[in-house]
Amino acid sequence: MSECTPSAEKPKFAISWAWVASALILLIVAILDWPQLIPTLDFSINAILHTLPFILFAVFAVAYLKATGAENLLARAFEGRESRMIVMAAFLGGLSPFCSCEVIPFIAALLAVGAPLSAVMAFWLSSPLMDPAMYSITAGVLGFEFATAKMVAAVSLGIFGGFGTMVLKSSPVFADPLREKPQVGGCCGVQKPFSGRPVWKFWTDSDRIEIFKNTGLENLLFLLKWLTLAYVIEAIMIHYLPASLVANVLGGEGVQPVLLGAFVGMPAYLNGYAAVPLVAELLEKGMADGAAMSFMLAGGVSCIPAAIAVWALVKPRVFAAYLGFALAGSIVAGLTWGLIA
């Protein structure tokens, strides 16, 4: 999945810092600008209700794919010729609902038995950027054109990084790329081995039904907590952030706003789902289309869950190449989207 969601084994109800952050922001508004508290709450609740159909579709899609065992399809991306592996890995990474760190044990095993780093790089680059849930939320807030463009950019970025790694595999950067003792744990937990074929009619199996329920509940809570935080921040931005400031810094045409979007997005990214409504508001205030695309792509690849997945397995120079491919690809995608949007 694009963002690292919880494991489906057992639903967790622990308070997340995202909920705490939302409450703290509302508390600060109440203390410093009491009259603005009710409009902030009203905007956030209405925004959640408006997005709810897309949230429910995303939750159902991810739960269904988890219950069927569709993650087994990932293994097929790493079969055949290297060029085929790169393309398949990029497509599966960009379209499957499994985040990079969620499949750390699987990727570690593949690398250990000699799977090409180029195909793994393609998967790593595209995986954090798009999945069924992300597409649904993005389309609901930013429109189907932007969501589709981001999906194409995610797969293209994976292919770009994969073939770049293949071409440079003899260079010192990619020589002996693996850590001596890879950390196969991750923020999503270690998953069961990938074996067997997907069972599309999962409702005939009680265990799979339980996975469907648990996954659906956890992803519903996951999306609600991040989108709540995003809409609270968006309400603050609407009231306090001058449109002229956004337009002056990230607006206009040309290369500069796209570069700024990428370089600001890479270190400052919050969460792929939370970024959607925030980018929507920045676009309303004058952010350039290309800057919005480069911001979301560069930030998505460098967000902590995705970055941990790569850092856990490869040496720092390979990790630097991962970020370099992401930055270059996001800039190209931003410039392209800026021309056609």
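The values are calculated or read from the model by the stated rules, or taken from the named source; none is laboratory data. Just so we're clear, the structure is a prediction, and the values are computed from it rather than from any experiment. Cβ: placed from backbone, ideal geometry, glycine included. Neighbour counts: every protein chain shown.
Worth pointing out:
- Qualifying residue in the range 37-47 (condition: loosely packed, with under 14 Cβ neighbours inside 10 Å and at pLDDT below 80): no
- Within the range 170-179, if we keep just the residues that are within 13 Å of residue 322 (Cα to Cα) and in contact with a Leu (Cβ under 9 Å, 6 or more places away or on another chain), the residue that is surrounded by the most Cβ atoms within 10 Å (Cβ to Cβ) turns out to be 174.
- For the range 79-89, the set of residues classified as at pLDDT 80 or above and acidic (Asp, Glu) consists of 82 only.
- Residue in the range 17-36 that is more than 24 Å from residue 306 (Cα to Cα), within 20 Å of the chain's Cα centre (by Cα), at pLDDT 80 or above and of a type outside the set (D, E, K, R) present: no
- Residue in the range 255-263 that is touching a residue at least 12 places away in the same chain (Cβ under 8 Å), among the β-branched types (Val, Ile, Thr), within 27 Å of residue 23 (Cβ to Cβ) and touching a Leu at 6+ places or on another chain (Cβ under 6 Å) present: no
- Summed over the range 196-218, residues that are outside any loop (DSSP other than H, G, I, E, B), among the charged types (D, E, K, R) and either in contact (Cβ under 8 Å) with a residue 40 or more places away in the chain or surrounded by 17 or more Cβ atoms within 10 Å (Cβ to Cβ) (or both) total 3.
- Restricting attention to the range 135-164, the residues being of a type in the set (Ser, Thr, Tyr) and surrounded by 21 or more Cβ atoms within 10 Å (Cβ to Cβ) number 3.
- Pairs, first under 30 Å from residue 96 (Cβ atoms) in the range 33-61, second of a type in the set (Ser, Thr, Tyr), C-beta under 7 Å, six or more apart: 47/231; 48/228; 48/231; 54/136; 57/136; 58/136
- Residue 293 meets the conditions (1) in contact with a Phe, Trp or Tyr (Cβ under 6 Å, 6 or more places away or on another chain); (2) at pLDDT below 90 in every case but one. The failed one is (2).
- Number of the exception - residue 188 against (1) at pLDDT below 80; (2) assigned to a loop (DSSP other than H, G, I, E, B); (3) surrounded by fewer than 21 Cβ atoms within 10 Å (Cβ to Cβ): (3)
- Any hit, the range 55-78, residues being modelled with pLDDT under 90, assigned to a helix (DSSP H, G or I) and farther than 26 Å from residue 197 by Cα: yes
- Residues within the range 127-153 that are under 18 Å from residue 274 (Cα atoms), touching a residue at least 24 places away in the same chain (Cβ under 8 Å) and of a type in the set (A, V, I, L, M), tallied: 9
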